[in-house]
1. If Asp691 satisfies every condition in (1) at pLDDT 85 or above; (2) out of contact with any Asp or Glu (no Cβ under 7 Å at 6 or more places or on another chain); (3) open to solvent by less than 20 Å² (accessible area, probe 1.4 Å) but one, which is the exception?
2. Which residues, counting only those in the range 507-536, are closer than 22 Å to Ser473 by Cβ and of a type in the set (A, V, I, L, M, F, W, C)?
3. List the residue pairs whose Cβ atoms are under 9 Å apart, where the first residue sits in the range 328-357 and is over 18 Å from Pro268 (Cα atoms), the second is charged (D, E, K, R) and at pLDDT 90 or above, and the two are 6 or more positions apart or on different chains.
4. Report, by residue number, each residue of the range 587-637 that is basic (Lys, Arg) and within 58 Å of the chain's Cα centre (by Cα).
5. Taking the residues in the range 558-571 that are of a type in the set (A, V, I, L, M, F, W, C) and under 49 Å from the mean Cα position of the chain (by Cα) as candidates, determine which candidate is modelled with the lowest pLDDT.
6. Which of the residues spanning the range 590-613 are of a type outside the set (S, T, N, Q) and part of a strand (DSSP E or B)?
7. Within the range 415-450, take every residue that is hydroxyl-bearing (Ser, Thr, Tyr) and closer than 21 Å to Leu718 by Cα and give me the one that is most open to solvent (accessible area, probe 1.4 Å).
8. Looking at this structure, is Tyr583 on the phi < 0 side of the Ramachandran plot and in a strand (DSSP E or B)?
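The values are calculated or read from the model by the stated rules, or taken from the named source; none is laboratory data. Owing to the predicted nature of the structure, the values given are computational and were not obtained by experimental measurement. Here the Cβ positions follow ideal geometry from the backbone for every residue, glycine too, while neighbour counts run over all protein chains shown. Just so you know, the surface numbers come from the protein's heavy atoms only, side chains and all, with ligands and any DNA or RNA stripped out. Shrake-Rupley method; radii C 1.70, N 1.55, O 1.52, S 1.80 Å.
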Amino acid sequence: MRNKKQLVPEPSPEQVAVERHVEALMNPRQTYVSSDVSVAVNKTPASAPLDIFKNMPPNSGSISVVSAKTAPEMPGKLTNKPIEPAPTKSLFSSVEVLTRSRDEAVPVAVTPKLVQKPLAPVAQSLTVSKPALSPEPPKPTIPIAISTAPPIDSAVPLAAVNVEKLARREEYTDAATDSAVADIVAKEGDQLLAAEDMARAQTSGPVFKKPRRGAKFRRLFTSKWSLLLIPIILIALVAVPYSRYKLAGLFIKKTLTVMVIDSKTSKPVSGALVSFNDHSAKTNAAGQASLVVPVGTGQLSVTKSYYQSYNLKKTLGIGSMVPVSRVNLLATGRQVPITVFNKLTNKPVVGAMIKVLGTSAISDASGKVTIVLPTKTSSVTATLSAPGYNDASASIEVTDSVVPSNSLSLVPAGALYFLSNSSGSIDVVKTNLDGSGRHVVFAGTGKEDAATTSLIASRDWRYAVLRTRRDGSQNALYLIDTSTDKATQFDSSPSTIYTPVGWSNHSFVYDTVRTSQTQSQAGRESLKSYNAEQLQLNQLDQSQAVGTSASFTYQAFNNVFLLDNLVVYNAQWTPGSTSGTPYDLSSQSNTIRTVGASGQAKKDVQSYAASDIGYVQTAHETPAIIDFGIYNSKTTQMTYYKYSNNSVTTDASVTADTFKKTYPVYLASPDGTKSFWNDQVKTKQALLVGDRSASNPVTIASAGEYAAYGWYTADYLLLSRAGSGLYIVPVSGISSNGGPIKVGDYYQPVLTPSSYGGGF
């Protein structure tokens, strides 16, 4: 009987293995690997097919299903066709489920091989039959009871399924049965997955929201106990001095200023190391050091070579002002007074650092400093440095007396470039401002033409242009970059005459005449500029020519000046002829013209008839004014113009006497605010410095042996003496305690710029 209970003996290992395997097979969420279970499940030879619709003897060792003796016959006949794949994935390689009613069990045929893929559920309950008692060891029998879905159609008869045919992968040809089996498998799987999802949702537990940031702190500070405890804790911490300063030191800092004084001389001690806990600084020239430190108690210490160390436990209060701490250091060596001064001006150098034997000191506003040195030596070598000065070394006499040998000088940083023929060729040399450190930057070849060699530096000495003929035939212009001392040729020609005009900021302006071209050809003369920053050559203007080689007229550029960063000149037509008949100039005009140093903004500021002009005179009356006198050959009259601020006006104050005077060459300072020039004062030559328009002059020197050469920054003036010596003086003039400092002998070029601010 189906529900009759039987006595179940202890299962054998084979039976346990089969049970576990079947349980695993019925798990729809696991992927399996095909295996042959015939050894553990069916010990009947494969040649003895099992008919599941016959009564099976107990302990037969075959897979059995809770079954009925009979089953409805299936319509049609059995065929030997291979089983076609079902519409849905089946649990086994070949499975046929036959249903007769809701309450009856469903026989299941299982092939020995399993499919290597996820398996769909086919049952909701699994039971194992209990074999009858027998003296022989029981063979595993696996009855499977499947609670099925509602019957598909009770009118459809059922037929027995031969396991042997299933093993050969045969199936029925009835499409209705195939559809019913696929539907049952699909529905059973859906029901099982739905049940598992519901169980998982029930066991996952409630979801709690994460408290917002700061919620715990709000609960802490809103608690009445917290509001009572927090003030008590803070009061307790503040009441204890140690914890009070530790706590306050996290937020409160004070500036601790320490003044270190020599206990013997009462002078400030510079270069001393002042420390308070983990903070430290060195004293300046005034002997002061300032540290920003947390409040509280700490160790104040002051140390310096050849002084006794100082240590003191010090407390910085929270609310009180921190007074300056005065520390007296006791020297263990000899205190040596030193003075540092500017070699060019004899003025004290502030902040000069003196280093010697592992100690250092800094000069004060008067250039004085006292340094402590060991007494075992009579002299030591020190190094000196200061911002804006060249480093130097000097010998110091170890004495506590003020001696001349301990007055040390520093030379302002910078370099001068000039020509020198001391080697037999014309070289470009470079020296410090006091003439020290002289060396050749650009060596000559010995073939230079003295009449055509010149060097003109920009007003800030950033660049210089050398005009030379190095091979005896090739005229060339070279740019010298003073930051690298590199020389670069930017224009050259064997048949071109180069005439420097000067510098307009960092653009070098010059005139060229091509001697290989005739005057009847256009472009024979040009005004050019070379931008030293961009290494760019620009053409500012080019001469024109009209007519034939027999009768023509050509332009020439005369009286070229640099003023207000503009090139000012006059362009004049001149007739020419090889046939004896001059060209008619009635259709031409002469002009006073200006153009920018880059070639932009060319402008004719004044025009006049070329046929009536005989000649043009100019006078550089002041740094900002140029006078023009134009002679009319037909009327034999002079017309006078005054150029200023890029415009030309007639001016009655300009007369013939204006052009009879000799005017100096005004040299503009690098910033353009001052002028430096030579002048005659009561038949004696004087050096004068005035403002931009040469007003309010101040005499720098009255000696007639010196001449103006140029500027070096706004603080120093360069002088020439006897045409070969180069000197430097402060802009304040030659001091009474010493004359100009000689930089060196130089080669004076024949060319002297005739323009204001054109360079040096």
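1. Result: Asp691 passes all but (3).
2. The answer is Val513, and nothing else.
3. Phe341/Lys347; Lys343/Asp434; Leu344/Asp434; Leu344/Asp715; Thr345/Asp715
4. Of the residues in the range 587-637, the ones basic (Lys, Arg) are 593, 602-603, 634.
Arg593, Lys602, Lys603 - these are the residues of the range 587-637 that are basic (Lys, Arg) and within 58 Å of the chain's Cα centre (by Cα).
5. Within the range 558-571, the first condition is being of a type in the set (A, V, I, L, M, F, W, C), and the residues that meet it are 560-563, 566-568, 571.
Those still in the list that are under 49 Å from the mean Cα position of the chain (by Cα) too: 560-563, 566-568.
On the way: Val560: 93, Phe561: 91, Leu562: 90, Leu563: 86, Leu566: 92, Val567: 94, Val568: 94.
Looking at the filtered set, the residue picked out is Leu563.
6. Ile592, Arg593, Val595, Gly596, Lys603, Asp604, Val605, Tyr608, Ala609, Ile613
7. Here is the first cut: in the range 415-450, the ones hydroxyl-bearing (Ser, Thr, Tyr) are 417, 420, 422-423, 425, 431, 436, 445.
Okay, now just the ones that are also closer than 21 Å to Leu718 by Cα, so 417, 420, 422, 431, 436.
Working: Tyr417: 10, Ser420: 4, Ser422: 101, Thr431: 2, Ser436: 48 Å².
Within the range 415-450, the match that is most open to solvent (accessible area, probe 1.4 Å) is Ser422.
8. Working: on the phi < 0 side of the Ramachandran plot: yes; in a strand (DSSP E or B): no.
Considered against the rule, which asks whether it is on the phi < 0 side of the Ramachandran plot and in a strand (DSSP E or B), Tyr583 comes out as no.
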